[in-house]
Each structure stands twice: as C-alpha cells, then as structure tokens.
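Nothing in this text is a laboratory measurement; each read-out follows from the coordinates by a stated rule. No experiment lies behind these values; they were computed from the predicted model shown. Neighbour counts run over all protein chains shown; Cβ positions are idealised from the backbone, glycine included.
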Amino acid sequence: MGAILPFEMSRAAGGYMLLYGVTLLLHVVFMNYVLAGCGYMAVVGLCSKSGDGFRSPVMLILRDWMPFVLSAAITAGVAPLLFVQVLYKKEFYSASLLLGARFIIMLPALIVAFYLLYVMKSRRMSTLPRWLRAAIPGVIFACFLYTAWTWTENHVLSIHEGDWVNQYAAGAWSYRSGMILPRFLTWCFGSIPTLCVLLLWQVRPETCNNGDERKTQCRMLAALAYGGMALAALSAAWAYASLPESARRAVTAPDVWPFLWVLLAGVSLQIAGWCLVLVAGGDRLRGRILVSVGLPATIAGVVVLRESVRLALVGTSALDPMASLAGSAEGLWAFLFFFLLNAGLIGWCVRLARRARVTPAQ
C-alpha cells in the first residue's frame, strides 16, 4: 500500500485510507457544487435589483439542480464519515463531543437549507417581495457556511489532543485556533473552480437563448474559476504558514512529492483549459476536457496533503489495530455492493428525471 499512499501503515489501514480518499474526493465534488453554488445564488439575490439575475442560465440551472446535488453530497458523505470513524475513532468522537450542541446544530441547519432550496425552485419564488427573494438564498448560504465552519473546527480540534482538557474544562461551545480560518477559506474558495467545471458542462445550447449568451456565461465561469483558484492558493499558503513545524515537514516529505506534482499538474490543466474557454467561449471540447481532468487531480492532491497533516499530528500508531479490527468484520464487500447499487440507482433516477423533462406528458 505504500506504493499508492505516502503513509506507512498496514495493508488493512492502507486499504481503508485509500477507500476514504476516493469516497472523500467524490463527496468534495458535490459539496463544492453546493457551497459555491449557494454562494453564487446569494450574491445574485443580493445584487440583482430588477430580478433579471434570477433568470440567467446559470441561476436557473443552480435552482433546478441544487436540491438533487445537496442530496448527493449528503449521501456521498456517508462513506468517508464511516471511514473516519474507523481510522480516527478517538479523535473524531472526542472533538464531536467537545463541540457538543454546536456540532448537533448542523443537522437542523441542513434541514432548513434543504427545504429552502425547494422554495427557491417553486413558482411562488417569483411572486415574493424582492427583499424576501434576496433573503432566502442568503439564509441557505449562511446554513452551509455554518456547516463548513463547524466541520473545519471539528477537524482542527480532533488533531490537537493537547487542547481537549482545556476545551472540556472551559465548557466552551467553540474552539479557537489559528489553523481554522485559513483552512476554512481554502476549502470555500477552492469550491468555486469545482462549481465552474460542472456548470461548464451544464450550460448547453438548449439552456441559453442563443450562442452569444452561452459564450458569455462560459467566459463568466472561466473568470470565476481563475478568481477562485487564486484566492484558494493564497489561503492555502496562509494555512501552510499556520501549521506546526512537524506538519510542514510532512507536507514536503519526499514520499508526498508525487502527490504535490499531481496537484500542480491538475491546477496547470485547469489554467490551460479555462484559457481555451475564455478564447472560444466554451465551444472547444478540448478546454472542457482539460478542466475536467485537472479538477479531480487537484482535489486528489489536496486530500493527500490534508491527511499528511493529520497523520503528522495524530500519528499512525492507533490506525493499524482499529483498521485490522474493522477488517475482521468482513463488511468491506457489503459496503462495495451497496455503494455500487446506490450509485446505479441515483444514475437511474437522474436519467428518468431528464427523460421526463424532454418527453411531454400524455
């Protein structure tokens, strides 16, 4: 397993770590779409005085797809959450219990956001007062920002065992650390290029009034992607500077370098692909392919760096016995079976929904 992952661990732990990374990558794609997409809707709702922004192709696509993508993000998040509990049981549960009610509040926040997404999708949305049409996407985005901040807070607290006693003694609802804000901003800004890549495939000729509008929308996505990558890079540099020395050494260790090159290659492909989109307005398939290949490579590199930091601060001593114990339960094949079954069912539902839209009712 050491040939695949830059972590020295047993075969069982390495297998779980590999599955965790793959399922986390899938969850991050959907999660980024939701976070950045709701941010885009909130900005449009705040800035659009005449209401024209709500009728733009990108806005209509986001309103139509967002409830489904949120469901996909939550569903895809189950698997990496289970693997986290296998690999980092003590760290995850300790941080969750120390945050207490703050951590539990994420559930009602997600429920509120989920139902408000359907309000935005309904026909009544266009009849609401302007202030309410602006407030609804703002509340949705605030719910997801709270969720993102709390997960970041939970992760940082989980890797700082030395702070657990003080956190418990203080009875605080929040955890303060210089690592939280830069990590939070890195993930938030990094979600923008993911959204833009997926929207680039969704903005098709039939979703726009004419070819010029489609080119304008695609060029707007390219500009947003460039801005998101630049801000994410600055936030990542800040996050790196906030790391302890041991974590910095882990990020730049020789066995992590191949994944750093994967990350840099992914970013380079996205830069080149978005340049083609700016020039051709999304008409060139090559540009879309480049950004689509570069995106998962970028996320994969980020996931490996993230786990390198965690293992540098937590250690690998507890991973092997926990993974071996979980592996002895023989649940891996059951997980893979239901993972593929659910993926197939979701794909079938998407196909049925698309056929229903293009086939007139009899």
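The simple Förster model, with R0 at 51 Å and r as the Cβ-Cβ distance, assigns Gln85 and Asn210 a FRET efficiency of 0.50.
Note on Leu97 and Leu46: with the Förster distance fixed at 30 Å, the Cβ-Cβ geometry gives a FRET efficiency of about 0.20. Rounded to the nearest 10 degrees, the inclination of helix 257-280 to the longest alpha-carbon principal axis of the chain is 10 degrees. Helix 130-158 and the longest principal axis of the Cα set of the chain meet at an angle near 20°.
One chain, two ends: Tyr118 and Ala169. Fully extended at 0.36 nm per residue, the span grows by 14.2 nm beyond their Cα-Cα distance. Once R0 is set to 35 Å, what does the formula 1/(1 + (r/R0)^6) return for the Cβ-Cβ distance between Val350 and Val293, expressed as a FRET efficiency to the nearest 0.05? That gives a FRET efficiency of 0.95. In a fully extended conformation the segment linking Arg55 and Trp238 would gain 62.1 nm over its present Cα-Cα distance, using 0.36 nm per residue.
Neighbour counting of Cβ atoms within 10 Å sorts the residues Val165, Val78, Val28, fewest neighbours leading, into Val165, Val78, Val28.
Fewest neighbouring Cβ atoms within 10 Å first, the residues Trp261, Trp149 line up as Trp261, Trp149. Please give the helix 89-99 orientation as an angle from the longest Cα principal axis of the chain, in degrees from 0 to 90, rounded to the nearest 10. Its long axis makes an angle of about 60 degrees.
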